[in-house]
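Below: one structure, written as structure tokens.
The values are calculated or read from the model by the stated rules, or taken from the named source; none is laboratory data. Keep in mind that this is a model prediction, so the values were computed, not measured. Note that each Cβ is placed from the backbone with ideal geometry, even for glycine, and that neighbours are counted across all protein chains shown. Areas reflect the complete protein model, heavy atoms only, side chains present, ligands, DNA and RNA absent. Shrake-Rupley method; radii C 1.70, N 1.55, O 1.52, S 1.80 Å.
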Amino acid sequence: MTLELTGLMLYAMYVVVGLMGISFLVGLYQSLKAGTFSYTLILNYLQDLLFYVFPLFLLANMKSMDPTGWILLIAYYIGALGVAIKYLASLKK
């Protein structure tokens, strides 16, 4: 099995990782501005990588085992959309 991020899957992953990076930088700026820098900011970012990005990579990796070719693709896009909405909502707060 090989990792296949093709077409829109690659752009969806760019959006997810980009929003995670923007959220991390905003949180880092706010914590440094307030003078309350803590290691939990970095640990939460690493936890989000494990809980949100890693399953998307697993779905992309299992795409070759899907006999229809579109079930895991839809699951990937729904997952990427959910993560993007989560980070957009957290940036809005």
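Of all the residues that make up the range 22-46, how many are assigned to a helix (DSSP H, G or I) and either in contact (Cβ under 8 Å) with a residue 24 or more places away in the chain or among the hydrophobic types (A, V, I, L, M, F, W, C) (or both)? Explain how you work it out, then say what you get.
From the range 22-46, those assigned to a helix (DSSP H, G or I) are 22-34, 40-46; that's our starting set.
Those left that are additionally either in contact (Cβ under 8 Å) with a residue 24 or more places away in the chain or among the hydrophobic types (A, V, I, L, M, F, W, C) (or both): 22-26, 28, 32, 34, 41-43, 45-46.
Count: 13.
Consider residue 86 carefully, then state whether it is among the charged types (D, E, K, R), modelled with pLDDT of 90 or more and open to solvent by 40 Å² or more (accessible area, probe 1.4 Å).
Here the answer is yes, as residue 86 does meet what is asked.
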- [ ] Could you tell me which residue of the range 73-83 is nearest to residue 13 (Cα to Cα), considering only residues that are in contact (Cβ under 8 Å) with a residue 24 or more places away in the chain and either open to solvent by less than 60 Å² (accessible area, probe 1.4 Å) or in contact with a strand residue (DSSP E or B) (Cβ under 6 Å, 6 or more places away or on another chain) (or both)?
- [x] 80
Task: Tabulated pairs, the range 47-72, first without any contact (Cβ under 8 Å) to a residue 24 or more places away in the chain, second among the small types (Gly, Ala, Ser) and assigned to a helix (DSSP H, G or I), C-beta under 7 angstrom, 6+ apart or interchain - done: 59/75; 59/79
TODO: Please give the number of the condition residue 67 fails out of (1) loosely packed, with under 14 Cβ neighbours inside 10 Å; (2) not in a loop (DSSP other than H, G, I, E, B).
DONE: (2)
Task: Within the range 1-41, considering residues that are β-branched (Val, Ile, Thr) and either within 16 Å of residue 72 (Cβ to Cβ) or surrounded by 12 or more Cβ atoms within 10 Å (Cβ to Cβ) (or both), the one modelled with the lowest pLDDT - done: 2
Task: Pairs where the first residue, in the range 4-15, is farther than 15 Å from residue 69 by Cα and hydrophobic (A, V, I, L, M, F, W, C) and the second is at pLDDT 80 or above and surrounded by 16 or more Cβ atoms within 10 Å (Cβ to Cβ), C-beta under 6 Å, 6+ apart - done: 12/80; 15/84
